[in-house]
Amino acid sequence: MTLSQNMRAGLLSLAILVTFLVLWHWSTGGGTAAEGLDPEYAALMGAQVTQGASAMPGPLDLFSTLWGHLSDPFYDRGPNSKGIGIQLAYSLGRVLLGFALAFIVAVPLGFLIGMSPLVSKALNPFIQIMKPVSPLAWMPLALYTIQDSSTSAIFVIFICSIWPMLVNTAFGVANTRKEWLNVARTLEISPLKRAFTVILPAAAPTIVTGMRISIGIAWLVIVAAEMLVGGTGIGYFVWNEWNNLSIVNVIVAILMIGVIGMILDQILAGAARLVTFPE
């Protein structure tokens, strides 16, 4: 019996995971004695180094800590002691709000750019200049002008995630099939109705692809933003655990960031399949 490609891919992924976990466990299981180790480095990496064990936690330590977080994800014992579920909820709220604002601005503006070559040429230099700016460059300006850390993080998400949606929307609208537009003109369909009944369905796959890229950027940006602004969120959780020298909690946070990012991506991938029609 021949296994399907998906089944073989799943088995290969499982084999890679098992191999990685075995190598990780082997590399962190022993450790060497800490004689001659720089005292400052030993203090930075925690007491495990000075005891001759590896400072990097093994997979068993990770699973134990992860289970502890998942068994009580919503505890709240003060400003610096909140469950990982609460931290993720804060981050998701900021990401979705910033992403929604970017969507509201990017899609109509992308339609305008795609339908007007004049506007496209006029705005293209500004888009090309703003698009590569790092979120870390925006954050000090946002904090200075807005003077609120949470709102500043939302603004940075907005300004960094708007560009893929804007560019993809403009591209999809500008590349709508000419024969479809000619049929719409022949039927004397109004420009507004043409935009919603012809151009939007044709550009929808490209728009959703831009949204998929943007949500990944937004989730990437929020971690860096929360590290700077502090208070709440998964980025602040990572920074706080690093200050506490808890490497295992940092790895747990990295794992959760990856899982949530994958879920967001798969949601929009499903939306892309819904709006994609066969040729």
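The values are calculated or read from the model by the stated rules, or taken from the named source; none is laboratory data. All of these numbers come straight from a predicted model, not from anything done at the bench. No Cβ is skipped: glycine too gets one built from the backbone with ideal geometry, and neighbour counts run over all protein chains shown.
Side notes on the structure shown:
- Neighbours by Cβ (under 6 Å, 6+ apart or cross-chain): first from the range 187-205, under 22 Å from VAL167 (Cβ atoms) and of a type in the set (Val, Ile, Thr); second surrounded by 11 or more Cβ atoms within 10 Å (Cβ to Cβ) and at pLDDT below 80: VAL198/TRP180; VAL198/ALA184
- Out of PRO135, PRO205, sole residue that is farther than 20 Å from GLY98 by Cα and within 27 Å of the chain's Cα centre (by Cα): PRO205
- Looking across the range 229-274, the residues that are over 12 Å from the mean Cα position of the chain (by Cα), closer than 27 Å to ALA142 by Cα, touching a residue at least 24 places away in the same chain (Cβ under 8 Å) and surrounded by fewer than 19 Cβ atoms within 10 Å (Cβ to Cβ) come down to GLY230, GLY231.
- Checked against the criterion of being buried (at least 22 other Cβ atoms within 10 Å of the Cβ), aromatic (Phe, Trp, Tyr) and under 19 Å from PRO108 (Cβ atoms), the candidates PHE171, PHE158, PHE196 yield just one match: PHE158.
- Those helices (runs of 4 or more DSSP H) of the range 30-99 in which 1 or more residues are more than 30 Å from THR151 (Cβ to Cβ) and either touching an Asp or Glu at 6+ places or on another chain (Cβ under 8 Å) or at pLDDT 85 or above (or both) occupy 59-71.
- The helices (runs of 4 or more DSSP H) found wholly in the range 129-229 and carrying at least 1 residues that are touching a Ser or Thr at 6+ places or on another chain (Cβ under 9 Å) and among the hydroxyl-bearing types (Ser, Thr, Tyr) occupy 135-146, 149-174, 200-229.
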